[in-house]
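Taking it in order: structure first as structure tokens, then the write-up.
Coordinate-derived values only; no laboratory data. Computed from a predicted structure; not experimentally measured. Virtual Cβ from ideal backbone geometry, glycine too; neighbours counted across all protein chains shown.
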Amino acid sequence: MADVQANGVISGDAAEGALAYLAEMSLDLRGAAILGADGAVLAASDQPERWREDAAALFEVADRAGGESVEQIHVGTEQGEVFALRHAGLAAIAVTERFALASLTFFDLRALLRDLAAGGDGRAGEARPDAA
Amino acid sequence: MPPKPHRVLLDRVSGYADEAAAYMRRRRASRRPFARLYYKGGRAEDHAGDSAVGGELFVAAGRLIEVAGKKPKQ
């Protein structure tokens, strides 16, 4: 399936809703942020300016390390785990408790970004009441 | 001939010690910090904490963990 690129009209409300849905789904989540193509924060659990700066620093180090644009970052420390994902021109960062399931967390982040990029509200995985 | 009672006790104690040592080994391995980067095409890289890039990744990740704070109480 071809990935849709974000067309740059993602509303802050949609991103906020997507973040709330992510927090609802992921019991291990401590905080998260969704960034636009230009690195601006579309939604963050708290302190958006800090999220923007720290996420940019993480992606900058990762891009430099591999000599190309990184797609996923997973860092585990004793204090918690950081997941970062670029998809469809957007980026999502999540901080979780230690030992969160990496594949599920990346799956949720990717689904969220894919849905937002397609103009949805980030709740693509949610069962819709009218989908009987 | 049944084993002497102190042999049974020693076997049991050394069994518990082996279990504890294995638990500690697993715990050390699972608590070791790691940094993994994934690129397009499935390429992945691991960076140790004592490498230059690994150190920078852990610092950047540490800042994000700090800004995220503790898990909100349910």
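Just a few scattered comments:
- The criterion of being of a type outside the set (Gly, Ala, Ser) and either closer than 12 Å to B:Ala61 by Cβ or more than 7 Å from chain B (Cβ to nearest Cβ) (or both) does not hold for A:Glu71.
- The range B:14-52, subset assigned to a loop (DSSP other than H, G, I, E, B) and facing another protein chain (nearest Cβ under 7 Å), residue farthest from A:Phe99 (Cα to Cα): B:His47
- Of all residues making up the range A:41-52, the number that are of a type outside the set (Ser, Thr, Tyr) and at the interface with chain B (Cβ under 8 Å from one of its Cβ atoms): 4
- Residues being in contact (Cβ under 8 Å) with a residue 40 or more places away in the chain and surrounded by fewer than 17 Cβ atoms within 10 Å (Cβ to Cβ) are represented in the range A:85-98 by at least one member.
- Strands (runs of 3 or more DSSP E) completely within the range A:35-90 that count 2 or more residues being touching a Lys or Arg at 6+ places or on another chain (Cβ under 7 Å): A:70-77, A:80-87
- From the list A:Gly80, A:Gly76, A:Gly89, the one residue that fits, being small (Gly, Ala, Ser), at positive phi and within 12 Å of chain B (Cβ to nearest Cβ), is A:Gly80.
- Selection from the range B:60-74 of residues that are out of contact with any helix residue (DSSP H, G or I) (no Cβ under 8 Å at 6 or more places or on another chain) and either within 9 Å of another protein chain (Cβ to nearest Cβ) or in a strand (DSSP E or B) (or both): B:Gly62, B:Ile65, B:Glu66, B:Ala68, B:Gly69, B:Lys70, B:Lys71, B:Pro72, B:Gln74
- For the range A:58-68, filtered to residues that are within 8 Å of another protein chain (Cβ to nearest Cβ) and crowded, with 17+ Cβ neighbours inside 10 Å, the residue that is nearest to the chain's Cα centre (by Cα) is A:Leu58.
- Flag if B:Val13 is of a type in the set (Val, Ile, Thr) and closer than 30 Å to A:Ile73 by Cα: no
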